[in-house]
Structure formats: structure tokens, C-alpha cells
1. Among (1) open to solvent by less than 40 Å² (accessible area, probe 1.4 Å); (2) modelled with pLDDT of 95 or more; (3) within 23 Å of Asp170 (Cα to Cα), there is one condition Leu72 misses while meeting the rest; what is its number?
2. Taking the range 32-57 as the region of interest, how many residues are of a type in the set (Asp, Glu) and assigned to a helix (DSSP H, G or I)?
3. Whether any residue in the range 11-31 is touching a residue at least 40 places away in the same chain (Cβ under 8 Å), part of a helix (DSSP H, G or I), within 16 Å of the ligand (Cβ to nearest atom) and among the small types (Gly, Ala, Ser) is what I want to check.
4. Without any contact (Cβ under 8 Å) to a residue 40 or more places away in the chain and buried (at least 19 other Cβ atoms within 10 Å of the Cβ): which single residue out of Val89, Val3 fits that description?
5. If a residue has to be open to solvent by 40 Å² or more (accessible area, probe 1.4 Å) and within 15 Å of the ligand (Cβ to nearest atom) to count, how many in the range 101-143 make the cut?
6. It is to be established whether one or more residues within the range 187-200 are open to solvent by 10 Å² or more (accessible area, probe 1.4 Å), within 12 Å of the ligand (Cβ to nearest atom) and in contact with a strand residue (DSSP E or B) (Cβ under 8 Å, 6 or more places away or on another chain).
7. Name the residues in the range 106-133 that are more than 20 Å from the chain's Cα centre (by Cα) and in contact (Cβ under 8 Å) with a residue 40 or more places away in the chain, would you?
8. Please pick out the residue among Gly186, Gly171 that is on the phi > 0 side of the Ramachandran plot and of a type outside the set (Ser, Thr, Tyr).
Amino acid sequence: MEVVIVPDAKAGGELIAEAMAALLRRKPDALLGVATGSTPLPIYEALTGKVQRGEVDASKARICQLDEYVGLPAGHPESYRATVLRQVVEPLGLTEASFMGPDGSASDIPAACEAYDRALAEAGGVDLQLLGIGTDGHIGFNEPCSSLASRTRIKTLTEQTLVDNARFFDGDIEQVPHHVITQGIGTIMEARHLVLLATGEGKADAVAATVEGPVAAIVPASALQLHRHATVVVDEAAASKLKLADYFRHTYANKPTWQGL
Ligand code: F6R
């Protein structure tokens, strides 16, 4: 794993946006897997800036979603489809035609999950998958003790994630859907490059367990240790519990060895 420690969230966003831009220069129709939540916003802002300044052409990019709430009415502003369209697809000047996501309002959810895994494979697989991390170590919505081989499926959110996400629903935990569709850990692991961004002290324990702990289903993000090209970008606060922080600074901070950068 490449562990890149950056001063702050903005620097992390800039670094990852540059990796995405480099990928698009190499492969204009790359399939970019995006995440929702607060953490990736500096990435989207930095990438949009690069597109607007003409530093990269994203017009052929394809975007796919990591997860989705189940049961929100179509078009709900906090559905992840609406969120990704608002935060990524539209700012990059793309249309819904270049976007793929699981159908959280399907009447047959297991079939919708299978269809999404199939669609990702038929699209040639994800070139670069962005990930955030939950305070409980989840990636996508693979909560602790998710199978490390899991495929896209329905999951129940933990109490901790309901509390963490209530801020997107007027602080009202009652409004947060309890169920989600998420790419499975096995599905996520098929992406060619995984890039996880974690910022803030609240993520420090989860980051330490992910990077330096054993590979274990209790910390779903620890599966990244088994991926052939995983990059973990953390700000100083999120890196504060890493025993090997100095080694990572020395090895990666000034000279990321990311393939493709
Ligand atoms: C959302 C997702 C989640 C979030 C995680 C962190 O698509 O995949 O795993 O990345 O819950 O959320 P924030 O960034 O809001 O702390």
C-alpha cells in the first residue's frame, strides 16, 4: 500500500485530482468510481477546476457509483445518485448518460445488485475507485464483518453510520434509511487502482487499523492490504495514530510512486 501523508484535506484533494487527470490523459474514457460523503469534496472541486482551466479533458469520462440508499424516493436530494450527479457529473460537464449506479428504488433489490455488478464488468471494470472510510472502518457501506469476498448486495447500516450520516438529513437519525446497496468488497477489489482519502482526527483509529492492523473483516478497509495497487491518502490528523508515519512521509510524501502519476 502507498500511504501518502498530506498537510490537509485540500492537498489530498489536489493530489488525487491530479492522479485522476493523469488517468484521463492516458485513457480519456476511463471509468471513475466515485464515493459520496464529505471527504471526497476537495477532490471533486480540484478536478472540476482542472477541467474548467482546460488542463484535462473529461468529456469522455465515465462515472460510477459505489453505493446507494434503499427506499429513498427517486430524485431525493440525498440519494447518492442525485448527490453524484450534483457534485461530480454536472460540474465535470457530463450528462447522466455517462453515469452508472445501482437502483436503490428497484422492486427486486437482489436482481438490481446483480445487474450492477454485471454492468460494471461489461463496462470493462473500474479504472480508479475513490473510497472514503467510515469511523468504523467501512468502505462503501460494507460495515464491519462484511465478507471480504462480497459482491454488490443489500446491507443494513450500523447505529454508528446512522449517527454519522444524520447530518445529511437535517440531523434527524429517523430520516436516515437503514438499508443500502453497496458494491461488495470483492467488487471494489476488482478496480484497477483503489484510492482512499481520509481526513480529520475522527478517522485516525480506522486508518491505523486499515494500514497497520491485520487483514480482518471487522475492519473492512483492511482488505486494501490485499490489493495490488492501493493508495491511502491521509492528512496529518488522520495519520496521527500511524506508527510508521515517519517512514511513510520519507517514502511517499515528497515522491509518490503512484503508477500513472
Ligand atoms: C459513501 C461511502 C462511505 C463514506 C464514509 C465516509 O459513498 O462510500 O464509505 O466514504 O462513510 O464518509 P465521510 O466522507 O462523510 O466521512
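1. All conditions are met except number (2).
2. 1
3. For the range 11-31, residues touching a residue at least 40 places away in the same chain (Cβ under 8 Å), part of a helix (DSSP H, G or I), within 16 Å of the ligand (Cβ to nearest atom) and among the small types (Gly, Ala, Ser): present.
4. Matching residue, one of Val89, Val3: Val89.
5. The number of residues fulfilling the criteria is 1.
6. yes
7. Listed by number, the residues that qualify are Ile109, Pro110, Ala112.
8. Being on the phi > 0 side of the Ramachandran plot and of a type outside the set (Ser, Thr, Tyr) holds for just one of Gly186, Gly171, which is Gly171.
The values are calculated or read from the model by the stated rules, or taken from the named source; none is laboratory data. Given the structure is predicted, the values throughout are model-derived calculations rather than measurements. Positions of Cβ are backbone-derived with ideal geometry, glycine not excepted, and every protein chain shown enters the neighbour counts. In case anyone asks, the SASA skips ligands and DNA or RNA and just uses the protein heavy atoms, side chains included. Shrake-Rupley method; radii C 1.70, N 1.55, O 1.52, S 1.80 Å.
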